[in-house]
Amino acid sequence: MAANQQAGAGGDSTTRLSGWALLAAFVVLVAFAVFVVYMIRHVSTDEVKWTRLGWLFASVEAIAFGAAGALFGTSIQRARAENAEAEARKNADAAAKGRALASTLVADAPGSPGGAARLEALGSEQRSGEAAVAARHASVARDLFPELRQ
Amino acid sequence: MTLAFDARAQLGNEPGLHAFVAGISAYRHLPGGSGEPAPDDFEMGQLSAAARSAFRVYEWLLARQAHLPVPLATIRLLLAPSASELQAEPAMGASAGATLSELRREAKAWRADASTDPSAVTFFYFAGHGVQRTKGDAVLLLEDFGDGEGGILDKAVNTKNINNGMAPSPNFFPNIARTQLYFVDACRSMHERFQQYEQLATSNVWDVELAGVDNRRAPTYFATIPGAPAYARPGGQTLFSEALLDCLNGAAAEPEDEQGQDRWRVTHHTLAEKLSKQVAELAGNEEAEQWVTSDGLGGDTAIHYLDDPPNVELELELDPPDALAYAQIAILNDTGAPAGQPLPKPLDPHPFSASLPAGIYTIKAAINPPQPSYVNQSGRARAIFPPRCRRVIRVRP
């Protein structure tokens, strides 16, 4: 199926029929509609002719459904992709804000006494009150965003 | 196997060095441990470097046994390594654990071994969690700390009890080793919840006899000052053990005259001086603060003898730097012969770093071709001692 890539607003892409493919799908659907009208007009024809028309209709029907699928299916897919993009933009925004918050928590976390953030204390890493809460928050932030451990 | 080294049979009646080395990284009852969680973990968790640090000290004793003041007689090794330490060094698994009962049992055997000759030497090293209850206190937490039995510090011992119990006593240990070394590689910070209690009692390793004269040379080197933490590199070694081994291997060495020859050795006093600087420097490199303190320094005596003079990191700086293009620097040893490779002209980079064996050197500068703005510097013989030395060569008129 002929299709081209069109960039979306967020840089992502969606699939859309265009050019000859679009024209062909449209022509097939119009031809199918004409054929349906023709069939309706010959409802009362003799049995042999109706059977032959029915056989032809079945063939054309398959092509028409394919064209309809291509035409409407891409439209439906595009709508879904656009929704997903919007959702992703929203989530990315939330993630960026979350990362910024986590960075702040880590930056404001109290270091070990003497400032030895990269070292392991051979004893209690006791903190009290606000410092203990800040240290716990920073620990959660590091767990959620391992890149903040550096 | 706690007696990791035993040469008592070979030594016979000869005095020897009896070492007691303990390192605890895996605490059964602290978060992440294998046992029931402690009622209160006092914000302490598993360690990742203490057992390895103790193992390094053990390896050093084995490797340098021929260079100790007396022959190595025994090493008791009590380790509780973390899973990662054990994976990296499976040999650590051969030692016994470091619970209170194991420590008591081995300490008593250690004291008995050290009680046969006053000329013997003892060596105690502990790495693990530590706390303090009062100023000057140092409490060592053992592998089963927080098991819920007894008081909070039931599975902890006080270094003072260990030290005092090793003192000569006329009734029981008149011949105990008079030269004793203690290395305490642990925090000495007080947890604020300790203040809720009237007295937190540690377990005694032994009873201490009051009678007798304590004529030991028995310095205790604490990894940190009272109230302060001690640090380790996660997955590596403690800063104290790194500095200790560095100092013993030469950074704290000084020459001793022996039949007209310099014999390089590390003594109680040189170790106290250099260890403090080395640890402070290592901690400073990590934006931390840690100061070693020493108690009980008496008369000075050797701990370790070196095969050769230790290497010194020498930093040379020319004053003024504008003279670099004209100054040929030469280092002469105490016999007047050039020491090492000729130095480049100009010194590049500047200041210039070189490594040379500790000793007495003369550093000269010759201005070539002669320049009115600069003068030759004939230099004078000066000591270049470990671990580092900086010399400024002035060629100003």
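The values are calculated or read from the model by the stated rules, or taken from the named source; none is laboratory data. Remember, predicted model here, so these are calculated numbers, not experimental data. Glycine gets a Cβ as well: all are built from the backbone with ideal geometry, and neighbour counts include every protein chain shown. Calculation scope for accessible area: heavy atoms of the full protein, side chains included, ligands and nucleic acids excluded. Shrake-Rupley method; radii C 1.70, N 1.55, O 1.52, S 1.80 Å.
Spin-label model, A:Ala100/B:Val208: points 7 Å from Cα along the beta carbon direction are separated by 6.0 nm. Pick from B:Tyr231, B:Tyr197, B:Tyr374: which residue has the top mean-square fluctuation in a GNM of chain B where Cα pairs under 10 Å get a spring? Comparing B:Tyr231, B:Tyr197, B:Tyr374 in the GNM, the peak value goes to B:Tyr197. Full extension of the chain segment joining B:Ala201 with B:Ala325 gains 37.8 nm, where the gain is 0.36 nm per residue of separation less the Cα-Cα distance. In terms of packing, defined here as the mean over residues of other Cβ atoms within 10 angstrom, the peptides B:298-308, B:183-193 line up highest first as B:183-193, B:298-308. Among B:Ser53, B:Ser241, B:Ser378, the largest mean-square fluctuation in a Gaussian network model of chain B (Cα springs under 10 Å) belongs to B:Ser378. For a straight C-alpha distance cut-off of 28 angstrom, the lysines reachable from B:Lys277 (same-chain residues fewer than eight places away being disregarded) are B:Lys135, B:Lys160.
Each label point was placed 7 Å from the Cα along the Cα-to-Cβ direction; for A:Asn83 and B:Leu297 their separation is 7.8 nm. Taking the Cα centre of chain B as origin and assigning +1 to Lys and Arg Cβ atoms and -1 to Asp and Glu Cβ atoms, the resulting dipole is close to 920 debye. The mean number of Cβ atoms from other chains found within 10 Å of a Cβ in peptide B:215-228 is 1, as a whole number.
So, R0 is 41 Å and r is the distance between the beta-carbons of A:Glu147 and B:Asp307; what FRET efficiency does that work out to, to 0.05?
0.30
Using the Cβ-Cβ distance between B:Thr362 and B:Glu258 with R0 set to 25 Å, the FRET efficiency from 1/(1 + (r/R0)^6) comes to roughly 0.55.
Under 1.5 on a/c is rounded, so check that first for the range B:1-154, then, if it is not, pick prolate when a/b is larger than b/c and oblate when it is not; a ≥ b ≥ c are the square roots of the alpha carbon gyration tensor eigenvalues. Provide the component values of the computation, followed by the final result.
On the way: a/c = 2.34, a/b = 1.70, b/c = 1.37.
Taking the square roots of the gyration eigenvalues as a ≥ b ≥ c, the range B:1-154 is prolate.
Taking the DSSP beta bridges in the protein assembly as shown as the whole, what percent of them are antiparallel, to the nearest 5? Roughly 55 percent of the DSSP beta bridges within the protein assembly as shown come out antiparallel.
Remark: accessible area buried at the A-B interface is about 1800 Å², both chains counted, probe radius 1.4 Å. List the lysines whose Cα lies under 26 Å from the Cα of B:Lys345, skipping any in the same chain that are fewer than 8 positions away. Candidates past the 8-residue exclusion: B:Lys364.
Here is the list for the range B:290-397: trypsin sites (Lys or Arg not before Pro) lying in DSSP coil, each with at most 16 other C-beta atoms within 10 angstrom of its C-beta, are B:Arg380. Looking at chain B alone, DSSP beta bridges between its own residues are antiparallel in about 55 percent of cases.
Packing here is the average count of other Cβ atoms within 10 Å per residue, and on that basis the peptides B:287-293, B:172-178, B:24-30, highest first, run B:24-30, B:287-293, B:172-178. Over the range B:1-72, all Cα pairs binned in 5 Å intervals from 0 give whole-percent P(r) values of 3, 14, 18, 17, 12, 10, 8, 8, 7, 2, listed from short to long. Here the accessible area is traced with a 1.4 Å probe on the protein chains. For the range B:35-176, carbon and sulfur cover 52 percent of it.
Over the residues of chain B, compute the C-alpha Rg and express it relative to 2.2 N^0.38 Å.
That works out to 1.15 for chain B.
Estimated purely from DSSP H runs of n ≥ 4, each contributing -39500 (n - 2.57), the mean residue ellipticity at 222 nm for the protein assembly as shown is -10500 deg cm²/dmol once divided by its residues. Surface exposure of the range B:1-124, expressed per residue as accessible area with a 1.4 Å probe, stands at 38 Å².
With a Förster radius of 51 Å applied to the beta-carbon distance between B:Ala94 and A:Arg136, the computed FRET efficiency rounds to 0.85. Checking the a/c ratio against 1.5 first, then a/b against b/c, what shape does the Cα gyration tensor give for the range B:209-310? Verdict is oblate for the range B:209-310.
Each Cα pair of the range B:279-329 feeds into the Kirkwood radius, which the Stokes-Einstein equation turns, at 37 °C and 0.692 mPa s, into a diffusion coefficient of 203 µm²/s.
Between rounded, prolate and oblate, where does the range B:266-397 land on the alpha carbon gyration tensor, with a ≥ b ≥ c its root eigenvalues, rounded for a/c under 1.5, else prolate if a/b exceeds b/c? Taking the square roots of the gyration eigenvalues as a ≥ b ≥ c, the range B:266-397 is prolate.
For the options B:Pro338, B:Pro168, B:Pro370, a Gaussian network treatment of chain B with springs between C-alpha atoms closer than 10 Å singles out B:Pro370 as fluctuating the most. Return P(r) of the protein assembly as shown (all Cα-Cα pairs; 20 Å bins starting at 0; whole %; ordered from short to long distances). All Cα pairs considered, the percentages come to 17, 34, 21, 12, 10, 5, 1.
Rounded to the nearest 20 debye, the dipole size of the range B:75-207 about its Cα centre is 440 debye, using +1 on the Cβ of Lys and Arg and -1 on the Cβ of Asp and Glu.
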